[in-house]
1. Would you be able to tell me the number of residues in region 271-285 that are in contact (Cβ under 8 Å) with a residue 12 or more places away in the chain and either more than 30 Å from Leu126 (Cβ to Cβ) or assigned to a helix (DSSP H, G or I) (or both)?
2. I need a count of the residues in region 70-94 that are without any contact (Cβ under 8 Å) to a residue 40 or more places away in the chain and open to solvent by 20 Å² or more (accessible area, probe 1.4 Å).
3. Any idea which of (1) over 30 Å from Met203 (Cβ atoms); (2) part of a loop (DSSP other than H, G, I, E, B); (3) open to solvent by 30 Å² or more (accessible area, probe 1.4 Å) is the one Ala54 doesn't satisfy?
4. With Val248, Val260 as the choices, which residue is within 13 Å of Ala24 (Cα to Cα) and in contact with a Pro (Cβ under 8 Å, 6 or more places away or on another chain)?
5. Could you identify the single residue in Gly109, Gly26, Gly76, Gly46 that is at pLDDT 95 or above, assigned to a strand (DSSP E or B) and on the phi > 0 side of the Ramachandran plot?
6. Of everything in region 170-179, what is touching a strand residue (DSSP E or B) at 6+ places or on another chain (Cβ under 7 Å) and surrounded by fewer than 17 Cβ atoms within 10 Å (Cβ to Cβ)? Give them in sequence order.
7. Check Thr31, Thr67 and return the single one that is among the polar types (S, T, N, Q), open to solvent by less than 30 Å² (accessible area, probe 1.4 Å) and within 21 Å of the chain's Cα centre (by Cα).
Amino acid sequence: MEGRAAALGAGTVLNALATGTGAAFGIDVETRATVELDPAADRVEGAIAEDADADTDLIERCVALATERWGDGEGGTVRTDSDVPLAAGLKSSSAAANATVLATCDALGLAVGDDPDDPAVDVTRLAACRLGVRAAREAGVTVTGAFDDATASMLGGVTVTDNDADELRVREPVDWDVLVWTPPERAYSADADVARCEAVAPMADLVADLALDGRYGEAMTVNGLAFSAALGFDADPAVEAMPHATAVSLSGTGPSVVAVADPDDPETDLDAVADAWRDRPGTLRRTTTRNDGAAVE
C-alpha cells in the first residue's frame, strides 16, 4: 500500500497572525511525499530527506489522522523530499502536510478531487487540506493553523481565508513571475511574536480589504512593510524591489522576501530586482505562480 503526492510552496499576500484573516499564493516549488502503509504496523515513522534530524511529528501525524479518518488506522512510513526550504517563510510545513495527506489517500486507494458531489471523488482536496491543518495545530508548528498557506499550497492560485474558522473566502488564479530571496537564517512560525503582529492589526485589516477587492499586489506590498516592522526584519530589500516589481513582501514570518511581476507589464523587471539583491547573503530563486495546486503522482 504505497502512495505518492506533491504539493506547492507558497508566498504571502497577508500574514494571518494579526487578525486571523490571511492570504497566500501558490508558487512552482514542490514538496513530495511517499507513504507506505502496513496494516500490521502500530505506528508511523517519518523521515525528511533534507535533514535527518528534522522533527517528523507533523508528517507522522498527517498519516495517522488520515488513516484514522479514511482507513483502518494503519501504520507505516512516510518520507518527504522538498524544493521548499525549511523555516524560510515559503510554507514548507503546509506543503509537507498536504503532500503527506494526499499520498496517504493514494496509498489507501482513494480518489481525490474537488467536487464533493461527484460520486467518483472519495476525498476532496479541501477536506484533505483541513486535515493537514489539524495535524499542524496538533504538532505545534503553527500559531493560526495556516489555512491560508495550506489552501494556496493545495489548490494553487491566490486564496483568502478566515484561519479561525478554516473558511475559504476567495480563490482566484494569478499569473506572476516570482523572485525569492532567502537569507541564511531561519524563522519558525510557531516562534513568531504574536503580540507584535497583533499591534499592526489596523494595517492587516487594510490589507484584507485590498485582497478581497482583488488588489493582491497592493495588499502584498503593504503587508510586507507592516510585518517586516512587526517581526524585526529589514525593509530595505522590499524598498529596493518596489520600483521594478508588481509587489513585494516578507513571506510568512520570514525570513524570505518574495517579489512578483506581471509578465505583461513592461514596467516590471525582476532582473533589476535580482541585481539589487545579488550581494545579499543567501539564495535567489526564480520561479512562477501556479494555479493547479497539489496532486497525487
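The values are calculated or read from the model by the stated rules, or taken from the named source; none is laboratory data. Computed from a predicted structure; not experimentally measured. FYI the Cβ positions are ideal-geometry reconstructions off the backbone, even for glycines, and counts take in every protein chain you see. For the accessible areas, the whole protein counts, side chains as well, though only heavy atoms, and no ligand, DNA or RNA atoms are used. Shrake-Rupley method; radii C 1.70, N 1.55, O 1.52, S 1.80 Å.
1. Adding up the residues that qualify gives 10.
2. 3
3. Going through (1) over 30 Å from Met203 (Cβ atoms); (2) part of a loop (DSSP other than H, G, I, E, B); (3) open to solvent by 30 Å² or more (accessible area, probe 1.4 Å) one by one, Ala54 breaks only (3).
4. That would be Val248, the only listed residue that is within 13 Å of Ala24 (Cα to Cα) and in contact with a Pro (Cβ under 8 Å, 6 or more places away or on another chain).
5. Matching residue, one of Gly109, Gly26, Gly76, Gly46: Gly76.
6. Val170, Glu172, Asp175
7. Only one candidate qualifies: Thr31.
Listed here are the residues, each with its yes/no results for (1) open to solvent by 50 Å² or more (accessible area, probe 1.4 Å); (2) free of Cβ contacts under 8 Å to residues at least 60 places away in the same chain; (3) among the aromatic types (Phe, Trp, Tyr).
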position	(1), (2), (3)
Asp209	yes, yes, no
Gly214	no, yes, no
Asn223	no, no, no
Ala238	no, yes, no
Leu250	no, no, no
Gly254	no, no, no
Ala261	no, no, no
Asp269	yes, yes, no
